[in-house]
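Everything on this sheet refers to the single structure shown next.
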Amino acid sequence: MVSIAIIGQEGSGRSSLSAKLGKKGNVSDITMYDFAKGGKILTIIDSSGYPASPKPLMTALGMADIVLLCIPPSGMNAVTGECVIAVDLLGLTRGIIVQTMSDRSNPYELEENAKKIRLLLKGTTAQDWVIIPLSTTTFEGIEQLKETINLFEREVAAENLTKNDLPGRTVVDHSFNVKGIGSVILGRVIQGTIHKQDKVMVHPVGQEIEIRNIQMHDEDKISAGTGSRVGLALKGIQAKDVDRGHIISNIEISSSDIELECRVSKFSPGLSVGSTLHLYVTLQSTPVKISKITLDGKEMTKAPAGSVSRVLINAGEIISYDKKDVFVLVDLNNQKQRFIARGLLA
């Protein structure tokens, strides 16, 4: 069981590739695809609403174990570069570069483009990702892609087993009401094991609920471990009160004022006191204001690109998170470079 984010610029072939890997499901600003056969389960997330908004990209990456970055024959552009910066800020290491529409290029062109891609990825978490030329028309590269995904899947499965005994955390990505059942959410267990009849809190709303039923690919289950894609029937809350990014857990920290140790992207204009940015953590997103920056023990008005500083942010609403979560600060008004900084709890 593994979740795959498929990202890239418009016209990169990401949607065609998604459709080849799974059956189309829920459509919103992201498009879900599922594959289940012989005990093998894939969840594919196409960041279909990106690049108009960074939220679909961050949602897809936040749901994924593996990233497929699609690059067309024309090569990388500014949007592809933004994808790489987002991957790097999140610290994602499992990924594949897919040279899509390979049937439209000759071997020399593919090799030259691969060299350029490798050069542009240098110094990021994607710098060592394998590059696979692929065509959804001739099926060139499909088997190599599946084999590479299988290798990652075994790594992910082994890692998830080490997390099954931790306190449970389930991140919601869809919620709705089902007649005769009530409130239902779709989400992913990112840590621990959840059980039918567990009594847990929904954050940041602070409401206790009971898990009435667990389903995985339309089969009822009594429990679900780390990495599981689940549908949960909930007792004690209405579907309209549960949003994407809400977390079902008993261990969350909830606050509107957060101090972060921030690494500012070397490609960004930096951070400034008083600026309003957008914060992403797990699948939550909210506007925040930078109220204080401390650099090398001194209070400053700015943190330049490439620097590491302590940053106090103030959100207009309560955010829920765990001490190991990664925060990303984004400037929605900067169309040249929206992804600004990565933060961890200070």
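The values are calculated or read from the model by the stated rules, or taken from the named source; none is laboratory data. None of the values given here were measured: they were computed from a predicted structure. Cβ atoms come from the backbone with ideal geometry, glycine included; neighbour counts cover every protein chain shown.
The condition of being closer than 30 Å to ASP243 by Cα and either in contact (Cβ under 8 Å) with a residue 12 or more places away in the chain or assigned to a helix (DSSP H, G or I) (or both) holds for only one of ASN113, ASN164, ASN150, that being ASN164. Does LEU42 satisfy the criteria of being buried (at least 20 other Cβ atoms within 10 Å of the Cβ), under 20 Å from LEU283 (Cα atoms), over 15 Å from the mean Cα position of the chain (by Cα) and of a type in the set (A, V, I, L, M, F, W, C)? Yes, satisfied. How about the stretch 75-97: which of its residues are part of a helix (DSSP H, G or I) and of a type outside the set (D, E, K, R)? The answer is ALA78, VAL79, THR80, GLY81, CYS83, VAL84, ILE85, ALA86, VAL87, LEU89, LEU90. A residue that is of a type outside the set (Gly, Ala, Ser), crowded, with 22+ Cβ neighbours inside 10 Å and farther than 22 Å from LEU332 by Cβ occurs nowhere in the stretch 46-63.
Assess whether ARG244 counts as being touching a helix residue (DSSP H, G or I) at 6+ places or on another chain (Cβ under 9 Å), of a type outside the set (Gly, Ala, Ser) and part of a strand (DSSP E or B). Here the answer is no, as ARG244 does not meet what is asked.
The set of residues in the stretch 183-218 that are closer than 18 Å to MET32 by Cβ and assigned to a strand (DSSP E or B) comprises VAL184, ILE185, LEU186, GLY187, ARG188, VAL189, ILE190, GLN215, MET216. Just one of the listed residues (LYS324, LYS298) is under 29 Å from LYS196 (Cα atoms) and free of Cβ contacts under 8 Å to residues at least 24 places away in the same chain, and it is LYS324. Considering only the stretch 226-239, I want to know if a residue exists there that is modelled with pLDDT of 95 or more, assigned by TED's automatic domain parsing to the domain that holds ILE319, farther than 26 Å from ALA60 by Cβ and not small (Gly, Ala, Ser). No - not one qualifying residue is present in the stretch 226-239.
The number of residues in the stretch 107-125 being within 18 Å of VAL67 (Cβ to Cβ) and either loosely packed, with under 15 Cβ neighbours inside 10 Å or of a type outside the set (A, V, I, L, M, F, W, C) (or both) comes to 5. Annotation: of all residues in the stretch 167-182 being outside any strand (DSSP E or B), at pLDDT below 95 and of a type outside the set (D, E, K, R), the one that is nearest to ASP325 (Cα to Cα) is ILE181.
Tallying residues that are crowded, with 16+ Cβ neighbours inside 10 Å and of a type outside the set (Val, Ile, Thr) within the stretch 237-258 yields 7.
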